[in-house]
């Protein structure tokens, strides 16, 4: 019998997204450092707001997210009417591909870029185009060279995941000014809050009509389990995205928790300071063991080993000792392990365990 029911072209080319592991069979007292989660969790204000929202579970949530958009705008100095909220920033990325890319169009992402860019492009029927980076840093000239009449979207994470590297605002502005007039630049700022004084690209969005910024509550706000993100862009772009957004895409508990979290500036400042201190300590501790990493601007470091075999062996040794980190072979970095910056005890345990791994190597 002839098979008639087929998915849209490009869907079967999608490789399923693999999240960070959470468990190691047969090992207790496991530390999960594979998903870049905030080790200190969400602020108490967000937990309280989430619990209080449970009293209204029988009510449909607000469809326009007014309270949350207003809070985001007040904290970041933005226009609330140009903020859109979604189920993580992933959903905003999906909206952008749905609305602005399709069959015959191209979506640019960089060599080690977040895998959801490629997945969302293919889901929309567009062709994802990977451009090279320069030593794990976004290369603006390579992106510009890849642009053509079919380029509809360019995705850049700044700071980047999984590298942790970042490019300056002057280079981002140059890119925005030199891309084709029919192309939209998307700045993924999932880790922007970890950089003191960085606006994630908001000023560039204000200055131009071809730039959109995305952000998330999953990282520094500690709300990964709640799944809330947002985007900011020109009014006409946001109006288009709202046409494809489901009217009830966020629940009342999600909205309440995110609103409380974004207002809790003291919590964000504390988490940023702790992350900065512990990130520097961990990077230096690993460097002393002969394991370098690029300067990270996020809440993780990308530890570089001699080769894929050594990275794999270290990953297994860490798992055997109850520490889960992230292999990033799928991001074109087979000789690297991405290690989330945990609390102080976790960072010390990582350094101690990798030190034992190194000692074992010498003893072989």
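Each reported figure results from applying straightforward, stated rules to the coordinates on display, with no laboratory input. Because the structure is a prediction, the values reported are computed rather than measured. Positions of Cβ are generated from backbone atoms using ideal geometry, with glycine treated the same way; all protein chains shown enter the neighbour counts.
Fewest Cβ neighbours within 10 Å first, please rank 352, 58, 76 accordingly.
The most exposed by this proxy come first: 58, 352, 76.
The relative contact order of region 39-154, computed from alpha carbon pairs under 8 Å that lie at least 6 residues apart in sequence, is 21 percent.
For region 145-214, the Kirkwood estimate of the hydrodynamic radius, built from every pair of different alpha carbons, is 12.4 Å. With the Cα gyration tensor of region 308-364 giving a ≥ b ≥ c as the square roots of its eigenvalues, does the rule (a/c under 1.5 for rounded; else a/b larger than b/c for prolate; else oblate) give rounded, prolate or oblate? Taking the square roots of the gyration eigenvalues as a ≥ b ≥ c, region 308-364 is oblate. Based on Cα atoms of region 44-264, Rg over Rh with Rh as the Kirkwood radius reads 0.97.
Normalising by residue count, region 155-297 has a Cα convex hull of 129 Å³ per residue. Stretching residue 308 away from residue 103 to a fully extended chain increases their span by 70.2 nm, per 0.36 nm per residue minus the current alpha-carbon distance.
Here the residues 243, 227, ranked from fewest to most Cβ neighbours within 10 Å of their Cβ, fall in the order 243, 227. For residue 345 and residue 144, a Förster radius of 56 Å and the Cβ-Cβ distance give a FRET efficiency of 0.80, rounded to the nearest 0.05.
Working out 0.36 nm times the residue gap between residue 55 and residue 359, then minus their Cα-Cα distance, what length gain in nm do you get to one decimal?
Gain on stretching residue 55 to residue 359: 103.9 nm.
For 213, 166, the sequence from fewest to most other C-beta atoms within 10 Å is 166, 213. Centroid-to-centroid, using Cα positions, region 63-125 and region 316-364 are 33 Å apart. From helices alone, the chain scores -12500 deg cm²/dmol at 222 nm; the rule is -39500 (n - 2.57) for each run of n ≥ 4 DSSP H residues, then divide by the residue total. With label points built 7 Å along Cα→Cβ from the Cα atoms of residue 272 and residue 45, find their separation and express it in nm. Those two pseudo-labels are separated by 1.5 nm.
If the chain linking residue 281 and residue 29 were pulled fully straight, counting 0.36 nm for each residue of separation and taking away their Cα-Cα distance, it would gain 88.4 nm.
Suppose we keep just the DSSP beta bridges with both residues in the chain; what percent of those would be antiparallel, to 5? Walk me through the numbers on the way to the answer.
Details: 16 of 35 bridges.
Antiparallel bridges: around 45 percent, rounded to the nearest 5.
What FRET efficiency, computed as 1/(1 + (r/R0)^6) with R0 = 22 Å and r the Cβ-Cβ distance, is obtained for residue 12 and residue 130, rounded to the nearest 0.05?
So the FRET efficiency works out to roughly 0.70.
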